[in-house]
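The values are calculated or read from the model by the stated rules, or taken from the named source; none is laboratory data. Please read these numbers as outputs of a predicted model, since none were measured by experiment. A quick note on method: Cβ atoms are made from the backbone with ideal geometry, for glycine too, and the neighbour counts reach across all protein chains shown. For accessibility, only protein heavy atoms count, side chains too; no ligands or nucleic acids. Shrake-Rupley method; radii C 1.70, N 1.55, O 1.52, S 1.80 Å.
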Number of protein chains: 4
Amino acid sequence: MPQTSEPLNPNLKDDINASFAKLVLMRTIGAKLVRVEPGEVDVALPFRDDLTQQLGYMAAAVVSAILDVACGYAAMSLAPSGTTILTVEFKVNLLAPALGERFVARGHVIRSGRTVSVCGGDVAALNANEEKPIATMLATMMTVKE
Amino acid sequence: MPQTSEPLNPNLKDDINASFAKLVLMRTIGAKLVRVEPGEVDVALPFRDDLTQQLGYMAAAVVSAILDVACGYAAMSLAPSGTTILTVEFKVNLLAPALGERFVARGHVIRSGRTVSVCGGDVAALNANEEKPIATMLATMMTVKE
Amino acid sequence: MPQTSEPLNPNLKDDINASFAKLVLMRTIGAKLVRVEPGEVDVALPFRDDLTQQLGYMAAAVVSAILDVACGYAAMSLAPSGTTILTVEFKVNLLAPALGERFVARGHVIRSGRTVSVCGGDVAALNANEEKPIATMLATMMTVKE
Amino acid sequence: MPQTSEPLNPNLKDDINASFAKLVLMRTIGAKLVRVEPGEVDVALPFRDDLTQQLGYMAAAVVSAILDVACGYAAMSLAPSGTTILTVEFKVNLLAPALGERFVARGHVIRSGRTVSVCGGDVAALNANEEKPIATMLATMMTVKE
């Protein structure tokens, strides 16, 4: 059950959008921040041939990339202003081939702490009429002064 | 202690090089396979501005990308010919900012199984005269018929 | 979102109860199987002084023990009869001190596969009038012939 | 490669022995602290029927218990005096059935930080003349004032 307590940062959407704009890797792979709510952040990524592995699926690390960012900003959405988030560690399970027109990583906060937060995330592959889970993450994030 | 038992595939270097050449993401980010031994595989990556996060370090997912590949091919180096490796899951701990001229991910097999293998990997950041550990991975890989 | 597809084993409740009865460790620590549904299994444990760590909380490994079992039987609840489940790996995040009168680990299946299943689990500490999340697990299970 | 830098606590052996004596669970399962060096700690456990799972092996959680403690004290061995260690999270891969006369968990520090440390650990099953790896852990520990 995601933790969606009151945010400590009144400008969280602006702050997270501004921070996301500095994530060069996200621009490089074509990912977009598509939803920011207190404790929940979604990142979307269209399929791209240049990010695939040997079987033509999106590479595990690309799936991890959008999960990591969705989880990190979910943590940041409950942190005080003037702080940023560093990834301490994450674990990803790949559930199905990363094939689809588009992928959405949905990160949520499981526990928001002053220093350490725990987040979960799921990635779905989206096609015309269906949505399929392809990966899940459990991550530990650290809040640091910016 | 890495497991470096006798390889089941006499052409492992050729097979792994051929497989790596099909990893489009590795070409996209500029990673190279720099060492293939039974049970041990290294992947190198030069620093690139377009793969960074908000503080200018290489993004966690990029570090994970080369670790995942080094671990996967370490597993493949002990698997029979005619098989390929899928990542079941991995966990990465980030140890220090991913700053350096070049990064080397070193994957090794901890346990080689018929279906499931367990691998470990470490990434070092390399500068002129020093090498610094920046990340470590523990991963579960699955061997499937090609 | 838990996967609660149709069970392949018509006797799943009996089979899982019979298997649980053979888990000597669960008897040793006083854990009980309290709910078995397709894709979801709960295990309860009363607080016990002899299972604590240096600060008087239930030890992380005890919390992991009931999570591991809840996740394993959640996987088994969707597997064919005549099979059993082995834990390949798990990751646990501790969210809060394990203090309470009673603990309930709730395991669910995230992806049920023929060989490999992925499960999630959460532990709550229960007191008179409240329930508090104290740990979460993401686990990989393997189905093997009994 | 374990990090075995100079300890910050001159009484680390006494402090860790005193702390271990308060780990009630370790006494309950019969585990002993058998080696304490800066950055490296070993915990041993004889086989016990009352700690097994459905196939007669030591349960995954028992193996995790001694790994968690070995990793935690490895972290504590490099922390300042007056602090204690809490487990943030760990991941365990089970490599082989936990069968043997005795088990030894060997924890080492991968990165020692002021707040967060990363540790690795391995468990071997010991019989008369052989030693076999059965599990490996990657863990995140937090240093807190006692």
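Length gained on full extension, C:Leu55 to C:Lys132: 25.9 nm, using 0.36 nm per residue less the C-alpha separation. Dipole of chain B computed with +1 at Lys/Arg Cβ and -1 at Asp/Glu Cβ about the Cα centre; of B:Leu25, B:Thr143, B:Val63, farthest Cα towards the positive end is B:Thr143.
Inter-copy label distances at B:Gly56, using a point 7 Å along Cα-to-Cβ, come to 4.2, 4.9, 6.2 nm with the shortest given first. Per-peptide packing, taken as the mean over residues of other Cβ atoms within 10 Å, places B:8-21, B:65-78 in the sequence B:65-78, B:8-21 from highest down.
Placing R0 at 22 angstrom, the Cβ-Cβ distance between C:Arg114 and A:Leu99 gives a FRET efficiency of 0.70 after rounding to 0.05. Look at where the Cα atoms of the range B:115-132 and of the range D:44-80 average out, and the two centres are 27 Å apart. A crude spin-label estimate for the pair A:Val144 and C:Ala18, with each label 7 Å from Cα along the Cβ direction, gives 5.5 nm. Once the gyration tensor of the Cα atoms in the protein assembly as shown is diagonalised, the equivalent ellipsoid follows with semi-axes of 33, 27, 27 Å, ordered largest first. Its DSSP H runs of at least 4 residues, each contributing -39,500 (n - 2.57), put the calculated 222 nm mean residue ellipticity of chain B at -7000 deg cm²/dmol, to the nearest 500. Taking every residue in A:65-71 and counting other chain Cβ atoms within 10 Å of its Cβ, the average works out to 3.
Panel values: the range D:86-146, Kirkwood radius from alpha carbon pairs, Stokes-Einstein at 25 °C and 0.890 mPa s, translational diffusion coefficient 194 µm²/s. Under the convention that each Lys and Arg Cβ holds +1 and each Asp and Glu Cβ holds -1, the size of the dipole of the range D:87-146 around its Cα centre is about 280 debye. Residue by residue along A:95-105, Cβ atoms of other protein chains within 10 Å of the local Cβ number 1 on average. With the biggest extent put first, the Cα atoms of the range B:44-127 measure 42, 19, 19 Å across the principal axes.
For the residues of B:47-56, the average number of beta carbons from a partner chain within 10 Å of their own beta carbon is 6.
Dipole magnitude for the range C:38-146: computed about the Cα centre from +1 point charges on Lys and Arg Cβ and -1 point charges on Asp and Glu Cβ, it is near 360 debye. When the Cα positions of B:Val109, B:Asn93, B:Ile134 are compared along the charge dipole of the range B:92-146, B:Val109 comes out farthest toward the positive end, with charges on each C-beta of Lys, Arg, Asp and Glu. Annotation: per residue accessible area for chain D equals 40 Å², rounded to a whole number [probe 1.4 Å, protein chains only].
By Cβ position, the chain A residue that hugs the axis carrying A onto B most closely, with its distance in whole Å, is A:Lys91, 2. Compute the Rg to Rh ratio over chain D from the alpha carbon atoms, using the Kirkwood formula for Rh, and round to two decimal places. With Rg and the Kirkwood Rh in hand, the quotient comes to 0.97.
Lysine pairs in chain A whose alpha-carbon atoms fall under 20 angstrom of each other, counting only those eight or more residues apart or on distinct chains, come to 7.
Assuming charge only on the beta carbon of Lys and Arg (+1) and of Asp and Glu (-1), the dipole of the protein assembly as shown about its Cα centre is about 0 debye to the nearest 20.
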